[in-house]
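The values are calculated or read from the model by the stated rules, or taken from the named source; none is laboratory data. Just so it is clear, the model here is predicted, and its values are computed rather than measured. Here the Cβ is made from the backbone with ideal geometry for all residues, glycine too, and neighbour counts use every protein chain on show. For accessibility, only protein heavy atoms count, side chains too; no ligands or nucleic acids. Shrake-Rupley method; radii C 1.70, N 1.55, O 1.52, S 1.80 Å.
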Amino acid sequence: FSFLTQLDDVDKYISEFWDTHYKNIKEWYFKQQEKTDVIISASPEFLLKPLEKKLNVKIIGSKVDKKTGKFEGKNCHDYEKIVRYEKELKKKNNIKRFYSDSIKADGPMFEYAEEAYLVKGNNITKINIKDYEKKK
């Protein structure tokens, strides 16, 4: 993320981005949204933080310094998502439903959750990750 060093006001660009892209959040999400929702992503946390207030959710992402573009910890992907979830929420094994567009990228979270859903656009499919693993 070294390009960040070239930006004079990172927060301004992030705000402008969400002003124009917030509308792209799928309607299905708003229909099932709950107060306890958590968005966990490998994306830099500062890019997603504006959604915390707009959506009234908890955001967990990769810790990246928005001035230098350097990681300040492990990239929040794969098993690290579980580590960060448990650390930041001080809870274990309590994800009721998990949604993702990538089984490959989020396999550990699919296994960790009670229910797992694969999202492709507006199509949401409940999956049993153990059945999926057997097909490989």
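Scanning the range 29-58 for residues that are under 20 Å from ASP106 (Cα atoms) and either in contact with a Pro (Cβ under 7 Å, 6 or more places away or on another chain) or in a helix (DSSP H, G or I) (or both) gives TYR29, GLU45, LEU47, LEU48. Listed conditions (1) exposed (fewer than 15 other Cβ atoms within 10 Å of the Cβ); (2) within 16 Å of the chain's Cα centre (by Cα); (3) in contact (Cβ under 8 Å) with a residue 40 or more places away in the chain are all met by THR5, apart from (2). Those strands (runs of 3 or more DSSP E) of the range 59-136 in which at least 3 residues are open to solvent by less than 60 Å² (accessible area, probe 1.4 Å) and more than 26 Å from PHE46 (Cβ to Cβ), considering only elements entirely within it, cover 115-120. Is there any pair linking a residue in the range 68-91 that is in contact (Cβ under 8 Å) with a residue 24 or more places away in the chain and at positive phi to one that is loosely packed, with under 13 Cβ neighbours inside 10 Å and assigned to a helix (DSSP H, G or I), with Cβ under 6 Å and at least six apart or on different chains, and which? The qualifying pairs are GLY69/SER2.
Within the range 43-58, the set of residues being of a type outside the set (S, T, N, Q), over 18 Å from ILE95 (Cα atoms) and surrounded by 12 or more Cβ atoms within 10 Å (Cβ to Cβ) comprises PRO44, GLU45, PHE46, LEU47, LEU48, LYS49, PRO50, LEU51, GLU52, LEU55.
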